[in-house]
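Have a look at the structure below, then the notes.
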Amino acid sequence: MKNILFITNLPTPYRVDFYSELGKYCNLTVIFEGKRSTELTFNWNEDTITTFTPVFFNEVLDEGKINFKILSYLDRKKFDVIVVSTYYTRTQTLGLLYLKTLGIPYYFETDGGMIPAKEKWITKKGKQFLISGAKKYFSPSQGSDEYLSYYGAKNIVRYPFTSLSEKDIIKEPLTDAEKDALKTNLGIKEKQVIVAVGQFIHRKAFDILLKSLEFVDRNVGIYIIGGKPIPLYKEIEKEVGLVNVHYLDFKSKAALSEYFLAADLFVLPTREDIWGLVINEAMGYGLPVITTNRCVAGVELLANKECIVPIEDVAALAKAINSVLNSKEYASELAENNLQSIRLRTFENMAQAHITNF
């Protein structure tokens with residue numbers, strides 16, 4: 001078995017699950033720069049780590065702090081494969097400089113990337129220096145390929161980025177009767193339900209979703225999961241006259257799954273997501289999905305491109321929502337297409353794509 005080292009920032013649940021699968025095929029060590037973040041909330045269980053060796057540099061991630069312990073791990077005698085997952089934390093920047101200086105081969109992996117609309121010349125040159133030079137690059141999408149190439153990457157290979165294992169993906173979409181039963185159990189009174197999930201921040205654009213509801217049947221229930229509503233959301237509700245919007249706190253994976261299964265449509269109106277794993281999850285539950293042209297997961301995974309609308313386009317979003325909710329046949333087609341597509345994107349396939357390219 002090969003000895004493999006991954007260097008990453010945080011033990012987010014999808015990362016831990018991926019490393020747990022990859023560790024079945026190699027002797028895997030994973031360096032996490034921090035156990036948790038002051039900015040990102042996530043649930044993970046350290047007790048689930050069984051197939052790889054975790055190394056935690058700090059309790060709390062500090063991207064601006066250099067941890068020189070990284071240098072003691074960058075040894076080709078210890079590891080057959082070294083994988084760096086970012087260039088911008090100070091610790092991994094030091095690691096890249098060390099690998100480049102000593103000529104130690106390494107791989108670079110990204111969860112996604114977008115070429116910036118505008119960038120200073122010196123910034124671009126700095127990124128080109130740090131990103132270029134890896135033996136191979138692991139990329140999850142066409143857009144990420146272009147991003148890496150823009151900064152000098154060569155020998156790019158594609159891998160199926162995901163947050164799902166094979167067992168997480170349902171076999172077939174639920175029937176109306178099954179969804180009705182779930183709605184009853186959750187105390188949902190509306191016959192049709194839209195679910196949206198994410199942080200209540202500007203980038204996620206839930207304000208655009210709320211504005212679009214002016215043109216959607218008021219008998220449709222809107223369940224936005226991610227916290228307490230910010231004042232802007234309540235202002236829009238009042239202006240539009242909405243009485244069918246429900247805000248739910250951040251939920252565990254198990255609790256969230258009940259809302260996915262009960263829903264008739266998932267919407268992510270994001271202004272920008274370099275991936276958006278919640279798209280994978282909604283597809284895995286057999287849901288029609290609507291998102292924007294600045295969501296890489298949507299652009300990469302959704303076969304029905306009419307489900308991808310321009311950012312901040314209230315009318316286009318409302319039209320897409322109504323198209324799904326007003327046609328059971330169309331909604332069923334979308335659900336089936338999404339299930340077929342997402343079955344290829346599992347931790348099992350993600351691990352194999354890495355192992356075969358090392």
The range 225-240: number of residues that are on the phi < 0 side of the Ramachandran plot and in contact with an Asp or Glu (Cβ under 7 Å, 6 or more places away or on another chain): 4
Unmet criterion (only one of (1) more than 26 Å from Gly276 (Cβ to Cβ); (2) of a type in the set (Val, Ile, Thr); (3) free of Cβ contacts under 8 Å to residues at least 60 places away in the same chain) for Thr123: (1)
Residue within the range 214-222 that is of a type in the set (Asp, Glu), more than 27 Å from Asn337 (Cα to Cα) and at pLDDT 95 or above present: yes
Residue, nearest to the chain's Cα centre (by Cα), within the range 19-38, restricted to residues that are surrounded by 22 or more Cβ atoms within 10 Å (Cβ to Cβ) and among the aromatic types (Phe, Trp, Tyr): Tyr19
Yes/no for Leu40 being in contact (Cβ under 8 Å) with a residue 24 or more places away in the chain, outside any helix (DSSP H, G or I), assigned by TED's automatic domain parsing to the domain that holds Tyr106 and not β-branched (Val, Ile, Thr): yes
Tally of residues being of a type in the set (Asp, Glu) and closer than 12 Å to Phe266 by Cα across the range 181-198: 0
Unique residue being in contact with a Cys (Cβ under 8 Å, 6 or more places away or on another chain), crowded, with 22+ Cβ neighbours inside 10 Å and aliphatic (A, V, I, L, M) when the list is Leu317, Leu287, Leu334: Leu334
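Under the condition of being of a type outside the set (A, V, I, L, M) and touching a residue at least 12 places away in the same chain (Cβ under 8 Å), which residue from the range 296-312 is surrounded by the most Cβ atoms within 10 Å (Cβ to Cβ)?
Gly298
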Condition check for Pro11: closer than 19 Å to Lys253 by Cα, assigned by TED's automatic domain parsing to the domain that holds Phe108 and in contact with a strand residue (DSSP E or B) (Cβ under 6 Å, 6 or more places away or on another chain): yes
Identity of the residue in the range 63-88, in a loop (DSSP other than H, G, I, E, B) and of a type in the set (S, T, N, Q), that ends up surrounded by the fewest Cβ atoms within 10 Å (Cβ to Cβ): Asn67
Residue check for Gly143: surrounded by 15 or more Cβ atoms within 10 Å (Cβ to Cβ) and touching a residue at least 60 places away in the same chain (Cβ under 8 Å): yes
Subset of the range 206-224 (residues that are surrounded by fewer than 19 Cβ atoms within 10 Å (Cβ to Cβ) and basic (Lys, Arg)): Arg218
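A quick yes/no check of all residues on (1) β-branched (Val, Ile, Thr); (2) buried (at least 20 other Cβ atoms within 10 Å of the Cβ); (3) at negative phi; (4) modelled with pLDDT of 95 or more:
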position: Tyr106; (1), (2), (3), (4): no, yes, yes, yes
position: Thr110; (1), (2), (3), (4): yes, yes, yes, yes
position: Ile115; (1), (2), (3), (4): yes, no, yes, no
position: Ile131; (1), (2), (3), (4): yes, yes, yes, yes
position: Tyr147; (1), (2), (3), (4): no, yes, yes, yes
position: Lys154; (1), (2), (3), (4): no, no, yes, yes
position: Thr162; (1), (2), (3), (4): yes, yes, yes, yes
Contacts under 9 angstrom Cβ, first residue in the range 225-249 being within 19 Å of Gly187 (Cβ to Cβ) and surrounded by fewer than 17 Cβ atoms within 10 Å (Cβ to Cβ), partner acidic (Asp, Glu) and modelled with pLDDT of 95 or more, 6 or more apart: Val243/Glu237
Condition broken by Ile224, with the remaining ones in (1) under 20 Å from the mean Cα position of the chain (by Cα); (2) of a type in the set (Val, Ile, Thr); (3) over 30 Å from Phe42 (Cβ atoms) satisfied: (3)
Residue tally, condition among the small types (Gly, Ala, Ser), in contact (Cβ under 8 Å) with a residue 60 or more places away in the chain and surrounded by fewer than 17 Cβ atoms within 10 Å (Cβ to Cβ), over the range 320-331: 0
When residues of the range 43-57 are limited to those that are part of a loop (DSSP other than H, G, I, E, B) and out of contact with any strand residue (DSSP E or B) (no Cβ under 8 Å at 6 or more places or on another chain), the one nearest to Lys251 (Cα to Cα): Asn43
Residue that is surrounded by the most Cβ atoms within 10 Å (Cβ to Cβ), among those in the range 50-62 that are more than 14 Å from Asn27 (Cβ to Cβ) and not polar (S, T, N, Q): Leu61
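The values are calculated or read from the model by the stated rules, or taken from the named source; none is laboratory data. Computed from a predicted model, the values in this text were never measured in an experiment. Glycine gets a Cβ as well: all are built from the backbone with ideal geometry, and neighbour counts include every protein chain shown.
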